[in-house]
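Visitor: The structure under discussion is supplied below as structure tokens; questions concerning it will follow.
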Amino acid sequence: MFASIFVPNFSVAAVLRAEPELLDRALGIFEGKPPLEKIVAVNEGAKRMGIEIAMTKAQAELCSEVVLRARSPRQESTAHAALLDCAQSFSPWVEDAAGDTAILDLAGMESLFGAPREMAEAISNRAADLGLETNVAVASNPDAAMLAARGFSDVTIIPSGKETEQLGSLPIAVLFAKGHEEEKDEAQKRTGEILATFERWGVRDFHALAALPPVALSERLGQEGLRLQRLARGAASRTLVPREEPPIFEETIEVEFPIVLLEPLAFLLNRLLDLICARLTTRAFYTQELRLTLDLESFSLSNRQSEIGCRPNQFQRTLRLPLPMLDPKLFLELLQLDLNAHPPGAPIKKIHLIAEPARPRSAQGGLFLPPSPEPEKLELTLARIAGLVGESHVGSMELLDTHRTDGFRMRRFIPNAARLSQKQQHSDAEENECAVAALRIFRPALRAKVTLENGGPAYVACTKKKEVHGAVVWKAGPWRSSGDWWEREAWSRDEWDIALQNKTDVALYRLVHDLLSGGWFIEGTYD
Amino acid sequence: MSTAVISTSAAQGRFFIFDDESDAGSHAFHDPEPASSYIRRPQSAIENQQSKILSTVTPASRLSVRPAPEMVSSGIAAIDTLTGGLPRGCLSEIFGPASSGGMTLLLAALAAATRRGEFCAIVDAGDALDPQSVVAAGVNLHQLLWVRCGGHSPQKNKITDHEIIKSESFLAEHNLEQLLRAADLLLESKGFGLIALDLCDLPPQTARRIPLATWFRFRRAVEHTPTVLLAIERQAIAGSCSSLRIKLGGNREKEQLANCETKPTHARLLTGLEISAEVVRSRMERKPVRTAEITFTSKTAWAG
């Protein structure tokens, strides 16, 4: 058993999917180079107002209530991808029959989705969730299902053996509908000839064509005539050609007027994210990377290009997540925070969003595991804190292989259970050891005036921190160290551990004599 | 008299005690009368009834036995002996002057928490954490989130360099604001075993400006969660919001230090800090806190 999903008036449907607020408006789609743009598709509302295909854009514009949109190949390709996603959420065997048509093999799916009618209705509902109004037909062969979907609206079920009877009422033109694809001139000519022939014979529907004697038809129209008759009888038999391309989850919106503020941009991003997440859900995918590309009206600063290879009038941001996630609200907040920190800097003409699919994470919490932050919540918290203190000031630390002070770098904080368990085993032995005296660092180090006595510090005064001031009552050192002498940023220093007598108490500090600059610095306090 | 502890409301979050043998108490919870009889009753009678019920309610603060929070190890055996550890779902304050051992205690608590497999966060007002000390203390770096206040945030860029240099108190306030907002976000996100707020590098006058309402909010946010909220400061500032307050001090007299070693300076070694800890407030105990003090020694990483 096969099902076919067909999107009527595909160009209009693709625009309505991206801009659902136009659903109740009269809509015309134009194509061509200015000033020769012509209307290529209209919806019912526009038809009622007298807008017809092949009108010029200037003629259509005379009707002020009609909304005109340029045909967008990218929007159509995303609508097509959504259609295939819908089909593949029901069956792994899906044929990409045309831009507006997908055929899927339903063999063995009854146990999962129920009777054919229930399946067809479920397919129709899922397509509606993805923003597409579709016709769905179920038949015993792929071509019969496809013709029924193109000829009948809503849901059609053709029982096995009743194909000729059910398809009989369809007009003959349905046989020649090539979906959304453009036909070559030669093929168009041949189609026109056959249609004219059928018209002369008085063959106007499938029933009439099916009733013609095959031999006589073959004599007059050749093998093509027989093929068309088999199709009209619903008796054509062929194997499905499954689609094997990897899925691409991308969505695009082109705006009529450039967007300047981030608030309306967030509104459009929300719509794109909803569409992408709905598509990911149908394929049981999560995402770990979102790539946002904004086409800008003008571009002044070349250093705004955050990614190598992007075009000069494009602004790209990539949102990398530590774990696969699927939450449009979370993604929207993360993108908003990112755009707040890195604004595009010019009005936006077009928004393009790509999600890299990833397998959902399969971690199971345990009753006796210690609490850990929820990944989605934590990601949002980290993004908010990064907006507050700066991206380089939040994360976990990683020590570098150097003896230089502050030899560390910040990296992303990713709670990782596997790493955790490893470390836990390792650190169990350390539990009962004595507390380790810690150093509290001054960043940057405090410049100090030091009075020397017998080569060692005797009195320290620091202007920036008043409490670091007094006589040295105890000292140990110097401990000499140096490094990176082969680099431009070489360092060489003497370290002293000193105890300073304050007004009330004695405090321990690390005093550093920079041998290259000759300066004295208080690097930190032992606390 | 049999007693039962009943949580009155999630919003209040306080515990009250009801006497089962009391007429009014049992009346309130095993209502024998239909609702319509209350409607017919005059207002004064209802008020009398209400006052009777309220008179039987004992606030949690007056209970002889109070629900004790779960205590976890602070990472230092002496502190655990003194306080029983650090309470979960409560705010604990550790304060003391410079070189009193605040950072040592903080890192020990972080190390103990990461050893338990918990995730920890430290909000560092002065960007003063030393990664070498963190590693030496045994903290698992993968489990520690470090928020360094005072970064080049967009808000800071709006201020000219001249103004920043001119006013150091402005910087301190800026850092404090970042600390409080980051702490709010972390407490809201939940799931951390320990959240530490390091306020030691803020000038005391700036730290004292934190409104009590903020501490109260922090306390409420952490209540009924398994998170230990730990604040280390130069002076105690959280008032009655902290459940445990430990005062630290260093045992280093000038004369002691001057005379302790007669070796030349290059032959001396700083081997550790002698730290004294005193519990000055504990809401875990029923009776007023008696002064309890303990002294312990921490070792430097190179002391062996």
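Visitor: So, in segment A:446-497, exactly how many residues are under 20 Å from B:A301 (Cβ atoms) and within 12 Å of chain B (Cβ to nearest Cβ)?
Guide: 11
Visitor: When you go through (1) under 18 Å from A:L334 (Cβ atoms); (2) more than 8 Å from chain B (Cβ to nearest Cβ); (3) among the aliphatic types (A, V, I, L, M) one by one for A:V389, which number turns out not to apply?
Guide: (2)
Visitor: If you scan segment B:98-121, which residues turn out to be more than 7 Å from every other protein chain (Cβ to nearest Cβ) and either free of Cβ contacts under 8 Å to residues at least 12 places away in the same chain or not hydroxyl-bearing (S, T, Y) (or both)?
Guide: Residues satisfying the conditions are B:L105, B:L106, B:A109, B:L110, B:A111, B:A112, B:A113, B:C120, B:A121.
Visitor: Condition (residue is hydrophobic (A, V, I, L, M, F, W, C), within 15 Å of A:R69 (Cβ to Cβ) and either in contact (Cβ under 8 Å) with a residue 60 or more places away in the chain or in a helix (DSSP H, G or I) (or both)) applied to segment A:23-43: is it met by at least one residue?
Guide: So far as segment A:23-43 goes, no, none of its residues is hydrophobic (A, V, I, L, M, F, W, C), within 15 Å of A:R69 (Cβ to Cβ) and either in contact (Cβ under 8 Å) with a residue 60 or more places away in the chain or in a helix (DSSP H, G or I) (or both).
Visitor: If you take the residues of segment A:368-386 that are more than 7 Å from chain B (Cβ to nearest Cβ) and closer than 22 Å to B:H174 by Cα, which of them is nearest to the chain's Cα centre (by Cα)?
Guide: Here the answer is A:A383.
Visitor: Just a yes or no: is a residue in segment A:291-310 surrounded by fewer than 18 Cβ atoms within 10 Å (Cβ to Cβ), within 11 Å of the chain's Cα centre (by Cα) and modelled with pLDDT of 90 or more?
Guide: The answer is yes, given that some residue of segment A:291-310 is surrounded by fewer than 18 Cβ atoms within 10 Å (Cβ to Cβ), within 11 Å of the chain's Cα centre (by Cα) and modelled with pLDDT of 90 or more.
Visitor: In addition: Among the numbered conditions (1) touching a residue at least 60 places away in the same chain (Cβ under 8 Å); (2) more than 10 Å from chain A (Cβ to nearest Cβ), tell me where B:Q205 comes up short.
Guide: (1)
Visitor: Just to be sure I understand the filter: pairs with C-beta atoms under 6 Å, separated by 6 or more residues or on different chains, first member in segment A:395-408 and within 9 Å of chain B (Cβ to nearest Cβ), second member among the charged types (D, E, K, R) and part of a loop (DSSP other than H, G, I, E, B). Which pairs pass?
Guide: Within 6 Å, the pairs are A:G395/A:R412.
Visitor: Which condition number in (1) at pLDDT below 85; (2) touching a helix residue (DSSP H, G or I) at 6+ places or on another chain (Cβ under 8 Å) is the one that A:G366 fails?
Guide: (2)
Visitor: Let me ask you something else. When you go through (1) out of contact with any Lys or Arg (no Cβ under 9 Å at 6 or more places or on another chain); (2) surrounded by 17 or more Cβ atoms within 10 Å (Cβ to Cβ) one by one for A:A236, which number turns out not to apply?
Guide: The single condition A:A236 does not satisfy is (1).
Visitor: Residues that are touching a Ser or Thr at 6+ places or on another chain (Cβ under 8 Å), more than 28 Å from A:E95 (Cα to Cα) and either of a type in the set (G, A, S) or assigned to a strand (DSSP E or B) (or both): does segment A:3-11 have at least one?
Guide: Scanning segment A:3-11 turns up no residue that is touching a Ser or Thr at 6+ places or on another chain (Cβ under 8 Å), more than 28 Å from A:E95 (Cα to Cα) and either of a type in the set (G, A, S) or assigned to a strand (DSSP E or B) (or both).
Visitor: Considering each residue of segment A:482-505, count those that are over 51 Å from the mean Cα position of the chain (by Cα), polar (S, T, N, Q) and within 20 Å of A:I441 (Cα to Cα), and give that number.
Guide: Going through segment A:482-505 one residue at a time, the tally reaches 2.
Visitor: Mind listing whichever residues of segment A:507-523 are more than 10 Å from A:K475 (Cα to Cα), in contact with a Pro (Cβ under 9 Å, 6 or more places away or on another chain) and more than 8 Å from chain B (Cβ to nearest Cβ)?
Guide: Scanning segment A:507-523 gives A:H513, A:W520, A:F521.
Visitor: Within segment B:240-255, can you find the residues that are more than 9 Å from chain A (Cβ to nearest Cβ) and at pLDDT below 85?
Guide: The one that is more than 9 Å from chain A (Cβ to nearest Cβ) and at pLDDT below 85: B:N251.
Visitor: Considering segment A:502-527 alone, what residues qualify as being out of contact with any Phe, Trp or Tyr (no Cβ under 6 Å at 6 or more places or on another chain) and within 21 Å of B:M103 (Cβ to Cβ)?
Guide: A:N502, A:T504, A:D505, A:V506, A:A507, A:Y509, A:R510, A:F521, A:E523, A:Y526, A:D527
Visitor: For segment B:70-87, how many residues are in a loop (DSSP other than H, G, I, E, B) and in contact with a Ser or Thr (Cβ under 7 Å, 6 or more places away or on another chain)?
Guide: Qualifying residue count for the region: 1.
Visitor: Is there any pair linking a residue in segment A:7-18 that is at positive phi to one that is surrounded by 22 or more Cβ atoms within 10 Å (Cβ to Cβ) and of a type in the set (S, T, N, Q), with Cβ under 7 Å and at least six apart or on different chains, and which?
Guide: From residues that are at positive phi, the pairs are A:N9/A:N43.
Visitor: Separate question: Please go through segment A:433-463 and give me each residue that is within 17 Å of B:A98 (Cβ to Cβ) and in contact (Cβ under 8 Å) with a residue 24 or more places away in the chain, ordered by number.
Guide: Across segment A:433-463, the qualifying residues are A:A437, A:A438, A:L439, A:R440, A:I441, A:F442, A:R443, A:A445, A:L446, A:A448, A:V460, A:C462.
Visitor: Can you say whether A:T504 is free of Cβ contacts under 8 Å to residues at least 24 places away in the same chain, of a type in the set (V, I, T), more than 21 Å from B:P131 (Cα to Cα) and within 10 Å of chain B (Cβ to nearest Cβ), as far as the supplied structure shows?
Guide: For A:T504, the condition - free of Cβ contacts under 8 Å to residues at least 24 places away in the same chain, of a type in the set (V, I, T), more than 21 Å from B:P131 (Cα to Cα) and within 10 Å of chain B (Cβ to nearest Cβ) - is met.
Visitor: Ok, one more. Can you tell me which residue among A:M146, A:M119 is at pLDDT 90 or above and out of contact with any helix residue (DSSP H, G or I) (no Cβ under 8 Å at 6 or more places or on another chain)?
Guide: A:M146
Visitor: In segment B:95-112, which residues are among the small types (G, A, S), within 11 Å of A:A437 (Cβ to Cβ) and either at pLDDT 90 or above or part of a helix (DSSP H, G or I) (or both)?
Guide: Answer for segment B:95-112, where residues must be among the small types (G, A, S), within 11 Å of A:A437 (Cβ to Cβ) and either at pLDDT 90 or above or part of a helix (DSSP H, G or I) (or both): just B:A108.
Visitor: List every residue pair whose Cβ atoms lie under 8 Å apart, where the two residues are 6 or more positions apart in sequence or sit on different chains, the first residue falls within segment A:335-355 and is among the charged types (D, E, K, R), and the second residue, located anywhere, is at pLDDT 90 or above and part of a helix (DSSP H, G or I).
Guide: A:D338/A:A383
The values are calculated or read from the model by the stated rules, or taken from the named source; none is laboratory data. What you see is a predicted model, and the numbers here were worked out from it, not measured in a lab. Cβ: placed from backbone, ideal geometry, glycine included. Neighbour counts: every protein chain shown.
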